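The values are calculated or read from the model by the stated rules, or taken from the named source; none is laboratory data. A quick note: this is a predicted structure, and the numbers were derived from the prediction, not measured. Cβ sites come from the backbone with ideal geometry, for glycine too, and all protein chains shown count toward neighbours.
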Amino acid sequence: MKKWLLCILVTMRLLSANGQQLNPDTILERDLPVFITEAKRDPEYEKRYQKLVRDVKKVLPYAKLAGFRFQLMEQNLQLLPNDKARKSYLKRTEEAIKDQFMDDLTNLTLNQGKLLIKLIHRETGKDTYDLLKTYRGSLTAIYWQGLAKAFSADLKNEYNPVEDWQIEKIIKELGFE
């Protein structure tokens, strides 16, 4: 009996602390933030969201593969004895990646390309500009950054799970996490 009384008192205290009053004939309701309820009413929101889902489905496998290849490349570079062997390995790896993926990647839309840049950062922990600068040199990184800027993209764009919550939600729903 004492436990029940304590539970009732704690519940009343919690509800009064939230500005709610205990009323046994009502159900506690929580309102969604205004921007979510407004967005769900907007047909354009659903259209944009479905497009994002489609883009994530198309681009995420490339980002996952890039993350895997990056880890593998880092491990193999550690094993090589000198700079000449490392340069040769990097050149062969770059050619293999170009042969395997260049046709697919050139067919991406601008939005899919921007999404790929973010997802590569998500998978590798480094933005694509830093990856280019590390493995291809500063001039190459600057060239590709300039080209990206011409198409309103940014190779220094980073993935932020808080800002990109929709992408994170889609990835978890797809079961890639």
- Task: Looking only at region 117-166, count how many residues are in contact with an Asp or Glu (Cβ under 9 Å, 6 or more places away or on another chain), crowded, with 20+ Cβ neighbours inside 10 Å and among the hydrophobic types (A, V, I, L, M, F, W, C).
- Result: 4
- Could you pull out the residue among Arg54, Arg69, Arg92 that is surrounded by fewer than 14 Cβ atoms within 10 Å (Cβ to Cβ) and within 20 Å of the chain's Cα centre (by Cα)? Arg54
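Tell me, which residue of region 137-164 that is assigned to a helix (DSSP H, G or I) and either modelled with pLDDT under 90 or of a type in the set (Gly, Ala, Ser) (or both) is farthest from Leu115 (Cα to Cα)? Walk me through how you get there before you give the answer.
Here is the first cut: in region 137-164, the residues assigned to a helix (DSSP H, G or I) are 138-150.
Going one step further and asking which of them are either modelled with pLDDT under 90 or of a type in the set (Gly, Ala, Ser) (or both), we end up with 138, 141, 146, 148, 150.
Working: Ser138: 23, Ala141: 19, Gly146: 18, Ala148: 13, Ala150: 17 Å.
Residue satisfying both the conditions and the ranking: Ser138.
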- Message: Restricting to region 142-161, name every residue that is aliphatic (A, V, I, L, M) and either touching a residue at least 40 places away in the same chain (Cβ under 8 Å) or within 11 Å of Tyr129 (Cβ to Cβ) (or both).
- Response: Ile142, Ala148, Ala153, Leu155
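Which members of region 72-86 meet the condition of being assigned to a helix (DSSP H, G or I) and surrounded by 12 or more Cβ atoms within 10 Å (Cβ to Cβ)?
Taking region 72-86 first, the residues assigned to a helix (DSSP H, G or I) are 72-79, 83-86.
Selection gives Met73, Asn76, Leu77, Ala85, Arg86.
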